[in-house]
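The values are calculated or read from the model by the stated rules, or taken from the named source; none is laboratory data. These figures come from a predicted structure and were not determined experimentally. Here the Cβ positions follow ideal geometry from the backbone for every residue, glycine too, while neighbour counts run over all protein chains shown.
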Amino acid sequence: MPRLGSGIPLVARTSEMRRLRAALARAERNEAGAVLLSGDAGVGKTRVLTELAEHAVGRGALVLTGRCLDVREGGLPYLPFAEALTPLATSGDSAVADAVRVRQALGRLLPQLGTVVPPSAEYTPVSSSHHETMGPVGAERDLGQLQLFDAVLGLLTELSEHTPVVLLLEDLHWADGSTRNLLSFLLSRLRAQRLLVVGSYREEDVHRRHPLRPLLSELVRLASVERIELPPFGAADARQFVTALSEAALTPEVISGVIERSQGNPFFLEELIASCADASDLPTGLAEVLLSRVERLSGEAQRVLRLISVANGGVSHAVLSDLSELDELPLDEALREAVQHHVLVVDKGLYLFRHALLREAVYGDLLPGERTRTHARYADRLRRNPDTRGRDALLAYHSLESNDLPTALAASYRAASEAEGLGAPASALKHIEQALAIWDAVPESERPEGVDEIKLLSEASYFAGTSGEPERAIAYARSAVKAIHDDVPTERAATLWRRLAQVLGAMDNTWDESVAAIDKAWELVEHAEASRTRAWVLSTRAIIQRGDNLIAEALWSAQSAVADARAVGADGAEADALVTLGTLAETEGHLEEARDRLLLAQRKAEQAGALNVGLRARYFLASGYDERAEIDAALAAYRESSDYAKENGLTWSSFGLEARARHLYLRFVSGDWPTEDGRPQRGVSSAVAARMTASWVHIVAARGRLAEAEKMVESLRSDWRSDILIAIAGGAVGIEVAYWRGDHAEAVRRTEEVIQWLEYFEPWLLGGVRMAALGLRACAAMAAEARVRGDADAEAAAVAKGEGLLAHGRACLEHGKPRSGVLGPEGRAWRARLQAEAAELYGRFEPAAWAETVAAFGYGAVYEQARSRQRHAAALLSTGKPADAELAASELLAAYEVAERLGAKPLGDAIRELAHRARIDLPGQEPRRDVVDPLTDRERAVLERVALGRTNRQVGEELYISEKTVSVHLSRVMAKLGASRRAEAVAIAKDRGLLTG
């Protein structure tokens, strides 16, 4: 269940609140004003006014609130003003009570005053000349009204002399005529009072003939009146609102679905979440609210709305004229009424519902028979008009809903082909799945010619794979293989097995099954003559053999695939095999040869129209730059691959996904951190979403959003098996989050866990070097803490764990196999960091090792280089040499500039802490005050060594003094610093900047 919207912080509305607060500030300066706040029902007008009221009260203002009610029979005169002023009549403040009582005309609004004074002939209201021609009764009535109006204005003016006054009037679209007149009078006389009037109304209810509309037109011309429109949430704000509102974690798919259905309306969002967000049925309460608007319209307008609701999209006038059974004039009037009441809008010549949920409510209110008959009429018209845009998709929909299954089956299949041609694989998949759902219900004689269930399953697998649903692609491919029967030709069976091997190979946890599937495909065509099928099987076999590091076998299969493809003119298969030959050449270090083959593969793929192969060639070109740490070139190539994938409907295919994921990760590496969330919001599988999250989570953690990063790390765990890169990212960031939180034991535990997972995938993966280095940092921190405490056992345990991680990292470097055959710049950088961390495990600081690490990350890894600079500075400061201290200041400054630019909060905090201890000033920081140092040089020397974990005996040996003298010095230090223990003395000295190490 969600929390109530009013119980969470105000989401978005920054611009609107800024304008309202500015209006209040002007009123506080004796510049009276008014704001007319408009917006749809449920958009959050009351929430914004509540926020304004709280802000005003906090500034000492008097807030008066009144609301109009939907009372259609005559209305209640002055209701919002009466409600707003009633608390004043019973106020305990004598001045306020007197101000009310002295204005006897207010008795018309406030019966509790007990007096109602008739209009006085001696009373002369302001600007009353327009009443002179009226008869005695009308003049008396208007005179009494003006007495009341002046009384309200006078009361508010008098109150504002003592404190700013904010008058909030809600739901003015329900205001009666008297209320509108009083509002007009009041706003036209705003001058130098400390008064702000804010009125809210529903924009969609104020149609052309609504009595409030002419008043609004007059009021907005006044200099003291401004208008603020409150729009629905944008996608990002709606997502933030849903996250804040829901107590339970919702999947990205559910969140995106709710946002899409609600179109950013906060009330609709809340209702959809409260009634189970992923349900397709509209919540009853929300449906009733929406239908109440429709029920106000005429019968003809309601019939037209029901007709449009069945279309599930925009409808042209010609279609409505054909299907509505209304003459032109009644149809025009019905449509005009619906448009004027903001139920329908006209967009590009089509009529459609102003809000999607309103359409859902009207459609859900249809009777079953009415719904079926109307769908049948739409389908019949589509059959009569074959040139209709998107005809097959519409015909499939309406035929299915009207139970014409043969027509729906044929139209669904044609619609899938049309969607594929438009580069919309997700839509194509939807149509194919619809065809599969009704396949058995359609008699064999009425099924489309040339189509069988195996074909549908195979195409469903392809469309699922290209639209970001690899698990479904595997499921459909498996079903297609299971459906093979004796009448299926050998080559077709081989194609089905090859397809299964291809989709299985896209996920790490199904690799072994992929090997078995391609072996089955090869078994079927191994002894056959050259053919397109045999060429494709060989090409896919080469890919899988290369993945298994069977380099010689992969080379033979790829070369054989090229030979077969050229013999039969299969350019697509040849291009696919050339990509593999290019990657094999790169593995051997033949970079120019690799590039030439990949470019040739691109050209061949374009000639054959093999879009997936063309994307694969582009991806591996980018990957080659990536492997060599040519980051700018890699970013450009990945971007080009992503654009190509998007243009051809392959955004979430395996290589489209990888291109986007690597591009996002390289933006993290290079220090070009995006602000927009890089993850897909809906329409893809959990594995695809996890792959993008694995790239985005680095940025989230580095920016210091540790709680959010922790949740993302946990969400990735279920997909560790599906993709090794997800395990590496989730594991690395999990270690980082624990370290930044100071939970070093948890960081070590996570390191050991992720290393175990990597070993499950493949022994000695080079990713293990990074994990070992990260874990080693936590072990070194644990060991240092134990030394300060004098806990030898804890120190030994931390060192032992660190030595185990160090040994694993070195083994990965010795036995791991780089893709290009030689350890690349990234691998060399993490090797350098591993060595630098190793020294600190034993309490030694080696500036040279950290200098090497800084240089190694100079290939373009901006953030990691900044982190290494911070550690290099710490190592330099530990030497106590003035020259090293100067270099340390330079390193800290360089690291600080990067951290500030990127918004890397944890790193920035660590840099500031070290700078504070070392008494180094950083730009933008308050200059340090000179620290009064109570310690003598000898006392500081003793304390510095204690901070490094030395015992009294070891300190004495290093300083050539007795152990007893060390104890005396320590006693003096603790007395000067007010510490009771040596560890506490070290901590206090570091905090006060007395120790630089």
Would you check which residues across the range 20-47 are within 26 Å of LEU358 (Cβ to Cβ) and in contact with a helix residue (DSSP H, G or I) (Cβ under 6 Å, 6 or more places away or on another chain) and list them?
LEU37, GLY39, GLY42, GLY44
Just need a number here: residues in the range 675-718 that are touching a Phe, Trp or Tyr at 6+ places or on another chain (Cβ under 9 Å), assigned to a loop (DSSP other than H, G, I, E, B) and not charged (D, E, K, R).
6
Pairs please, first residue from the range 201-228 and more than 21 Å from LEU20 (Cβ to Cβ) and in contact (Cβ under 8 Å) with a residue 60 or more places away in the chain, second anywhere and of a type in the set (Gly, Ala, Ser) and in a loop (DSSP other than H, G, I, E, B), Cβ atoms under 9 Å, 6+ apart in sequence or on different chains.
GLU204/ALA41; ASP205/ALA41
Given the options GLU226, GLU218, GLU161, name the one that is within 30 Å of PRO9 (Cβ to Cβ) and of a type outside the set (S, T, N, Q).
GLU226
Could you check, for the range 848-860, whether at least one of its residues is in contact (Cβ under 8 Å) with a residue 40 or more places away in the chain and within 34 Å of the chain's Cα centre (by Cα)?
yes
Scan (1) in contact with a Ser or Thr (Cβ under 9 Å, 6 or more places away or on another chain); (2) surrounded by fewer than 21 Cβ atoms within 10 Å (Cβ to Cβ); (3) within 30 Å of ARG919 (Cβ to Cβ); (4) not hydrophobic (A, V, I, L, M, F, W, C) for the single condition THR879 breaks and write down its number.
(1)
Are any of the residues in the range 425-445 on the phi < 0 side of the Ramachandran plot, part of a loop (DSSP other than H, G, I, E, B) and touching a residue at least 40 places away in the same chain (Cβ under 8 Å)?
no
Would you point out the residue of the range 670-699, among those that are buried (at least 22 other Cβ atoms within 10 Å of the Cβ) and of a type in the set (Val, Ile, Thr), that is nearest to SER641 (Cα to Cα)?
VAL688
Any residue in the range 826-846 that is of a type in the set (Gly, Ala, Ser), crowded, with 24+ Cβ neighbours inside 10 Å and under 25 Å from LYS905 (Cβ atoms)?
yes
Testing LEU598 on (1) in contact (Cβ under 8 Å) with a residue 40 or more places away in the chain; (2) touching a helix residue (DSSP H, G or I) at 6+ places or on another chain (Cβ under 7 Å), one condition comes back false. Which one is that?
(1)
Out of the residues in the range 332-349 that are small (Gly, Ala, Ser) and either modelled with pLDDT of 90 or more or not assigned by TED's automatic domain parsing to the domain that holds VAL315 (or both), which is nearest to GLU203 (Cα to Cα)?
ALA338
Tally of residues being in a helix (DSSP H, G or I) and of a type outside the set (Gly, Ala, Ser) across the range 169-193:
11
Evaluate the following for ILE728: is it surrounded by fewer than 24 Cβ atoms within 10 Å (Cβ to Cβ), in a helix (DSSP H, G or I) and over 16 Å from the mean Cα position of the chain (by Cα)?
yes
Residue pairs qualifying under the 7 Å Cβ cut-off, at least six apart or on distinct chains, with the first in the range 628-643 being on the phi > 0 side of the Ramachandran plot and the second being among the charged types (D, E, K, R), are ALA629/GLU826
Just one of the numbered conditions (1) out of contact with any helix residue (DSSP H, G or I) (no Cβ under 6 Å at 6 or more places or on another chain); (2) among the basic types (Lys, Arg); (3) at pLDDT 90 or above is not true of ARG101; which one?
(3)
Got a sec? Which of LEU706, LEU765 is closer than 29 Å to LEU823 by Cα and either modelled with pLDDT under 90 or of a type outside the set (S, T, N, Q) (or both)?
LEU765
Looking only at the range 737-765, which residues are in contact with a helix residue (DSSP H, G or I) (Cβ under 6 Å, 6 or more places away or on another chain) and part of a loop (DSSP other than H, G, I, E, B)?
TRP764, LEU765
Residues of the range 657-675 being touching a residue at least 40 places away in the same chain (Cβ under 8 Å) and under 23 Å from SER256 (Cα atoms), which ones?
LEU657, ALA661
Residues within the range 47-78 that are at pLDDT 90 or above and in a helix (DSSP H, G or I), tallied
11
Hits in the range 951-987 - residues which are surrounded by 18 or more Cβ atoms within 10 Å (Cβ to Cβ) and without any contact (Cβ under 8 Å) to a residue 24 or more places away in the chain
ASN952, VAL955, GLY956
Would it be correct to say that ALA605 is over 27 Å from LYS817 (Cβ atoms) and buried (at least 23 other Cβ atoms within 10 Å of the Cβ)?
yes
Of everything in the range 353-391, what is more than 32 Å from the chain's Cα centre (by Cα) and basic (Lys, Arg)? Give them in sequence order.
ARG371, ARG373, ARG377, ARG381, ARG383, ARG384, ARG389, ARG391
Over the range 64-97, the set of residues buried (at least 19 other Cβ atoms within 10 Å of the Cβ) and among the β-branched types (Val, Ile, Thr) is VAL96
List pairs: first in the range 477-496 and closer than 23 Å to SER539 by Cα and modelled with pLDDT of 95 or more, second of a type outside the set (Gly, Ala, Ser) and not in a helix (DSSP H, G or I), Cβ under 9 Å, 6+ apart or cross-chain?
ARG492/ILE484; ALA493/ILE484; LEU496/ILE484; LEU496/VAL488
Answer yes if at least one residue in the range 364-371 is without any contact (Cβ under 8 Å) to a residue 40 or more places away in the chain and either within 27 Å of ARG209 (Cα to Cα) or surrounded by 14 or more Cβ atoms within 10 Å (Cβ to Cβ) (or both), and no otherwise.
no
Please state which one of ALA807, ALA778 is within 15 Å of GLY742 (Cβ to Cβ) and in a helix (DSSP H, G or I).
ALA778
Among the listed residues HIS355, HIS375, identify the single one that is within 25 Å of HIS317 (Cβ to Cβ) and in the same structural domain as ARG336 (by TED's automatic domain parsing).
HIS355
If I filter the range 686-694 for residues that are of a type in the set (A, V, I, L, M, F, W, C) and free of Cβ contacts under 8 Å to residues at least 12 places away in the same chain, do I get at least one hit?
no
Take ALA535 and tell me if it is among the small types (Gly, Ala, Ser) and within 19 Å of GLN607 (Cα to Cα).
yes
Extreme residue, farthest from the chain's Cα centre (by Cα), among residues of the range 1-36 that are surrounded by fewer than 18 Cβ atoms within 10 Å (Cβ to Cβ), at pLDDT 90 or above and part of a loop (DSSP other than H, G, I, E, B):
ASN30
